[in-house]
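The next block holds one structure in the form of C-alpha cells; read it before the comments.
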Amino acid sequence: MGEIDDAIERADREGFTRRPPRTLRGQVGYLVRQLGSARAVARELGVTADSVNRYRRGARTPRADIAERITEAVRARWQPRVRRRRREQAASTTGITVETRARFGYTAPVGTTDDGRLRRLTVHLPPQYARRLFEARDAGATDRRMRQIIAEGLQEVYFKDGGRRAVDLEVELTDIDYLDLDF
C-alpha cells in the first residue's frame, strides 16, 4: 500500500460509528459470523480450522503475525455500509480535506520562482476530486496517480484560487512528509 492508500484507510477507520472488537475472541467470533465458518476464516488467515476454533474458545493465542492478520481482516470488514455512505457523500456533496506537509514543485512562467519548497497545507477539495480519487483507488491506480489527483486539486483550489491567479502554474506533489485525509 502507498501513502495515499494508507491515508484513505485511516480516514475510513475514523468514520466508524462503533469500535471494532478488541479482544481476540471477539475478533475471531466476528470473522466466523462474517465468513460463515471456521474453515473459511482459516483459509483467510492461513491456519487450520482447529486453530481458529481454539482462538475463539481462548484455548490458544496466535503468533504475532497471525494476530495482526486477524485484526486487519476485522478492520477490512467492519461497518462497510458506514464506509460506503461516507465515501458517496464525499464524492457527491462534501468533498475531501487534505492535510499534508510535502514538497511542491512548480512549472511556472518566466520571471516567477519555480523552486520547490516544503509547505504545510490543509485544503478542502471539492467533491469531484474525492470522486476521482476513490475511482482511481478502486481501479487499482498507483500511488503516483493518486498523488497527481491530489496535486491537481491543490493546484486548482489553493495555488490558482479557482482560476483567479497563477493561471499558467503547474504543481507537482513530491517528497510527502505526511498526508492525512478527512471525508
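The values are calculated or read from the model by the stated rules, or taken from the named source; none is laboratory data. Keep in mind that this is a model prediction, so the values were computed, not measured. Backbone-built Cβ (ideal geometry, glycine too); neighbour counts: all protein chains shown. With ligands, DNA and RNA removed, areas are computed over all heavy atoms of the protein, side chains included. Shrake-Rupley method; radii C 1.70, N 1.55, O 1.52, S 1.80 Å.
Roughly how far apart, in whole Å, are the Cα centres of the stretch 1-19 and the stretch 59-74?
20 Å
Give me the percent of accessible area attributable to carbon and sulfur for the stretch 1-108, probe 1.4 angstrom. All intermediate terms of the calculation are to be shown ahead of the outcome.
Working: 2720 of 6160 Å².
Carbon and sulfur together cover 44 percent of it.
Rg to Rh ratio, the chain, alpha-carbon atoms and Kirkwood radius? The partial results should precede the final answer.
Numbers: Rg = 21.1 Å, Rh = 18.7 Å.
The Rg/Rh ratio comes out at 1.12.
For the stretch 124-142 and the stretch 143-176, write down the distance between their C-alpha centroids in whole Å.
That distance is 14 Å.
By average Cβ neighbour count within 10 Å, what is the ranking of 175-181, 14-20, 52-58 from highest down? Let's see the in-between values first.
Working: 175-181: 15.3, 14-20: 11.3, 52-58: 18.3.
Ranking, from highest mean packing down: 52-58, 175-181, 14-20.
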